Amino acid sequence: MPARVLIIEDNQDNLELMAYLLAAFGHETLGVPGGEEGLAAAARGSLDLILCDIQLPAMSGYEVVRQIKGDPRLQRVPVVAVTAYAMVGDRDKIMSAGFDGYLAKPIIPEKFIEQVEAFLPAGQRSAPREIPPSAPAEAAPLPRMKRATILLVDDSPANLSVARSILEPFGYDVPIAGGVEEALRSARQTRPDLV
């Protein structure tokens, strides 16, 4: 069963990346740019998880978590800080403020879903990709079949990383290029099936 996740993040690129990754794994997301909007959204609907930036305009993430944990209707919803604060002592400060967890920015697309789903009940996590338990212990995973070569061209490293992390597990060869010249060189070398 997918989770309903509220994302409180004022940086539009970070908000879109988190929403995209969560939606790609079947979760329903609602994104808002500030603490006041986040509190209003949390009060309106049943949520399974809240991801909250610390540095927000008008109301900090610390104030958001304080109000959420003070509301009997919301206090059981896990609230995870997603922040660039990564100095010694920041994690302790964040946890003592009432957050249930802490994820450091920049977001690493390949690890993000696993990190977020650690705060969800097992029934709301996406299926792990591993060998079924009935397989013999010494059995090796089946080799991935190469499906096609897809050349990704984008000037955003985050977009390239997300797309690559989604396509490669399905057997696609995914070279990347950050611009036109690089894409042309790569296309000549790799002969992609799709650009």
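Worth pointing out:
- Within the set GLY61, GLY89, the sole residue that is open to solvent by less than 60 Å² (accessible area, probe 1.4 Å), more than 21 Å from the chain's Cα centre (by Cα) and more than 27 Å from SER126 (Cα to Cα) turns out to be GLY89.
- Every listed requirement among (1) outside any loop (DSSP other than H, G, I, E, B); (2) touching a residue at least 24 places away in the same chain (Cβ under 8 Å); (3) buried (at least 19 other Cβ atoms within 10 Å of the Cβ) is met by LEU56 save one, (1).
- Scanning the range 11-28 for residues that are open to solvent by 70 Å² or more (accessible area, probe 1.4 Å) and either in contact with a Pro (Cβ under 9 Å, 6 or more places away or on another chain) or closer than 20 Å to GLU117 by Cα (or both) gives GLN12, GLU16, TYR20, PHE25, GLU28.
- If the condition is being in contact (Cβ under 8 Å) with a residue 60 or more places away in the chain, in contact with a Leu (Cβ under 8 Å, 6 or more places away or on another chain) and not in a helix (DSSP H, G or I), then the range 17-51 contributes ASP48, LEU49, LEU51.
- Test: PRO121 is modelled with pLDDT under 80, open to solvent by less than 100 Å² (accessible area, probe 1.4 Å) and not small (Gly, Ala, Ser): no
- Residue tally, condition closer than 17 Å to VAL116 by Cβ and either among the charged types (D, E, K, R) or out of contact with any helix residue (DSSP H, G or I) (no Cβ under 6 Å at 6 or more places or on another chain) (or both), over the range 43-67: 8
- Looking at GLY31, GLY35, just one residue is open to solvent by less than 10 Å² (accessible area, probe 1.4 Å), of a type outside the set (Lys, Arg) and within 19 Å of LYS105 (Cβ to Cβ), and that residue is GLY35.
The values are calculated or read from the model by the stated rules, or taken from the named source; none is laboratory data. Worth saying up front: this structure is predicted, and the values here are computed from it rather than measured. Backbone-built Cβ (ideal geometry, glycine too); neighbour counts: all protein chains shown. For accessibility, only protein heavy atoms count, side chains too; no ligands or nucleic acids. Shrake-Rupley method; radii C 1.70, N 1.55, O 1.52, S 1.80 Å.
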